1. Which of the residues that make up region B:85-99 are more than 16 Å from A:T272 (Cβ to Cβ) and at the interface with chain A (Cβ under 10 Å from one of its Cβ atoms)?
2. Just to be sure I understand, how many residues within region A:265-315 are hydrophobic (A, V, I, L, M, F, W, C), within 14 Å of the chain's Cα centre (by Cα) and either modelled with pLDDT under 85 or not in a loop (DSSP other than H, G, I, E, B) (or both)?
3. All but one of (1) modelled with pLDDT of 80 or more; (2) in contact with a Phe, Trp or Tyr (Cβ under 9 Å, 6 or more places away or on another chain) hold for B:G267, so report the exception by its number.
4. Out of (1) closer than 22 Å to B:E84 by Cβ; (2) without any contact (Cβ under 8 Å) to a residue 40 or more places away in the chain, what's the single condition that is false for B:A205?
5. Name the helices (runs of 4 or more DSSP H) wholly within region B:187-256 that hold at least 1 residues that are at pLDDT 90 or above and within 14 Å of chain A (Cβ to nearest Cβ)?
6. Select from region B:132-149 the residues that are surrounded by fewer than 17 Cβ atoms within 10 Å (Cβ to Cβ) and touching a residue at least 24 places away in the same chain (Cβ under 8 Å) and list them in ascending order.
7. Which numbered condition in (1) on the phi < 0 side of the Ramachandran plot; (2) touching a residue at least 60 places away in the same chain (Cβ under 8 Å) is the only one that A:I268 fails?
8. From (1) assigned to a helix (DSSP H, G or I); (2) more than 18 Å from B:V25 (Cβ to Cβ), pick out the condition that doesn't hold for B:L106.
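The values are calculated or read from the model by the stated rules, or taken from the named source; none is laboratory data. These numbers come from a predicted model, not from an experiment. Cβ placement follows ideal geometry from the backbone for every residue including glycine, while neighbour counts extend to all protein chains displayed.
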Amino acid sequence: MAATDEIAVAARARRFLAAHARLRPTEALPWLVAVAAFFVFPDRLTFGSQVLVMALFALSLDLVLGYAGILTLGHAAFFGIGAYTVGLLAARLDWTEPLTGLLAAATCAGFAGALSGVVLLRYRGLTLLVLTLSTTFILQEFGNVFDRVTGGYDGLPGLSFSPVLGVFDYDLFGRTAYLYALAVLFVCFCLARAIVVSPFGRSLVGIRENTARMHSIGAPVHGRLLVAYTVSAALAGVAGALHAHTNAFVTLSVFDFENSAGVLVMLILGGTGRLYGAFWGAVVYMVLQDSLAKFSPAFWQAGVGLLLIVTVLFARAGILGLVEAAGRRLRGGGP
Amino acid sequence: MPPLANIVVSILFDGLAYAMVLFIVSVGLSVTMGLMGFVNLAHGAFAMAGGYLTVSLTRSMGVPFLGALVIAVIAIAAVSVVFERTLYRRLYRASELDQVLLTIGLTFLAIAAFTWVYGPVPQSVRLPDYLAGQIDAGFRTFPTYRVFIIAVGLALVTVLWFAFERTLLGAKIRAAVDNRRMAQSVGIDVDRLFTLTFAVGSGLAALGGGLALQLFGMTPSFAVVYLVFFLLVVAVGGLGSLKGTLAAALVLGICDTAGKYLFAGAGGFIIYAVAIAILLARPAGLHGRD
C-alpha cells in the first residue's frame, strides 16, 4: 500500500517536472528573431549586441528575483566585477583571449556572489535592499580609490581583445560581436533553463511563494538561495564581460544605481519568472531608450518612469503576461 | 588651538550639521516605513523637490530664504498627500518589489521633470546676510549657515520627541508601528495616521532638501545619490524609531565627515562600511525590533 503510494507520488513528480521541462514551439521565437535581426539590420549590429548583453544581464536577475524572490538593487555589482575582470586582465596582464576571459569573469563574479550571499541572504526587505545597494557603491568607491589600477572614473578605454576562438576578429560593423554575444546568450539561456526546470529550480519557486513552508518540509532554504545567488552572479559577470568585450571599454558607471535599476526595469517589463521575459524586456527597453534618448535624456528618463508606473499598476506580469492573457482569451478560456 | 583638536572640532561640527540634514530627511521615511512597511524610494525625490522649490521661490519670486523654506515644506507636504491618496495607497498590501518599482518610477519621472526645468547644472541660492559669514565662538569661528542647520535640527528633534512621546497622536503612531493590527482593533485609524505621517515626513524631507542646497548643491541626481544615505540612516536606525534615526544620522554623518577629512579620496568608503558593520551586528538596526 505504502509502496504503491510512493510509486504513484514519484510518477506524479516526474510528470510535473517533465511538463515543466518540455520545450514549447514558441520558445524558438526569440532566437529566430535574434538571427533574423542579424540579416535585417546589418547596420545596427553594435546596438543589437548591447541588447543581447542586457538580455543576459536581465536573465541573471530573473534567476534570483523572478524565481527565488530575492529583492536586490545591487546586481550591477556582479556585472561590474565581470566587466572589470576582463578589462583588467586585458589592460594590465595582456590576457586578451575572450572565452577564457568569460570564464574568469564568471569565476570572479560567482565567487563575489557566494561570498556576499552567505551574509546578505540572511536579510530581507529594506535591510537587504540597503545592503545590496551599499555593496555596489563600495565597489565603485574601491575602483575610484585604486584609480592607478582601474583608471578611476575614466575607466579603461580602448581595450583590445583577441579574436573569438582565435579566428573571428571583431569587425567595424559589429557582426562578430553580435554573433558572439548571441552564442554566449544562448549557452547561458540553456543553462538557466536547465536550472529552473530542475527539482532545484522548482524548490526556488517554493521558497519564493512560501519560505516558511519550505523550511517546515526540511528544504535547506539558505543553501538553495545561496546557490541561486552564486549562479546568478556568475551569469551577471558573464554579461559584464561581454559588455566589455563588445564595447572595448569599461568605466565605473557599470556600478551606477541606474544600471541596477535599469536591468530591474527590463525584467519587469518583460515579465518575471519566465526566462524569456528577460529577452523581450531587454529588447523593448533598449529600443525605447535608443529612440527616446535621441530627443533628450530627460525625455527617456520620463518615459522609463512612466512605463514602470503603468506596468506596476496595470500589467504586473509584463509583456509576456499580457501575451499569455491574450492567448488564453483567444482560445476562449476566459481572462 | 592645536591643529589636532582643531580637526576634531571641525569633524564634529560639520558632521553634526550633516547629521541634522540626514535626520530631518530620514525621520519621515523611517516612521512611514515603520507604520506601513512601505518601501518608498521616492523620498529622495520629495527632498529634491523641496530644494528646487526653494531655489525658484527665492530666485524668481524674491521670497526670503526662510519664507521659501516654509512654503516649500507646506507645498511638498500637500503634494505628497495627492500622491499618497492616488498611487501609494493602491500598493499598501502589494509586495515590496511592486512598491520599489512604483517609487523608482516616480523618482525617474521627478529627475526627468527637474532636469527639464532646471538643467543638469548644480543650483544654489544666495543666503540672506544673517546666515552668511562666520560666527566667532572665541577659540575659533564657525560658518553661520551650519550653526543654523544644527539649531533647526535640534529644535526639530525636540519638537518631534515631544510629539512622539507626549501627545496622543504620538502614542497612536507608536502603537501602530509596534503592532498595526492590534492598533486597528482598538480603534486607531492607521490609514489616516499613515497619510498624516506621510505628509509630515515629505514636508520634512522638503525642508532637508532646502537646507541641503547650500551644503551639497542641488542637481537632479540628488534624488538617487542621497537616497542611498537616507535609506542607510533608516535601516541602521531601525524602522519607525525616532531615537534610532537620530542615533544613526549622528553616527553616519560624523563617520562620513571624518572619513572625508582624514582620508581624502578614500573617505567615501567609511559610511558604507560603518553601516554594513552595524547592520551585520544588529540586523534590525540600532533601535529596531526583530
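1. Hits for region B:85-99 are B:L87, B:R90, B:L91.
2. Residues flagged as hydrophobic (A, V, I, L, M, F, W, C), within 14 Å of the chain's Cα centre (by Cα) and either modelled with pLDDT under 85 or not in a loop (DSSP other than H, G, I, E, B) (or both) within region A:265-315 amount to 10.
3. Just one mismatch for B:G267, condition (1).
4. Evaluating B:A205 over (1) closer than 22 Å to B:E84 by Cβ; (2) without any contact (Cβ under 8 Å) to a residue 40 or more places away in the chain leaves (2) as the failure.
5. Because the criterion is at least 1 residues that are at pLDDT 90 or above and within 14 Å of chain A (Cβ to nearest Cβ), the helices (runs of 4 or more DSSP H) in region B:187-256 that meet it are B:227-237.
6. B:F139, B:R140
7. (2)
8. Result: B:L106 passes all but (2).
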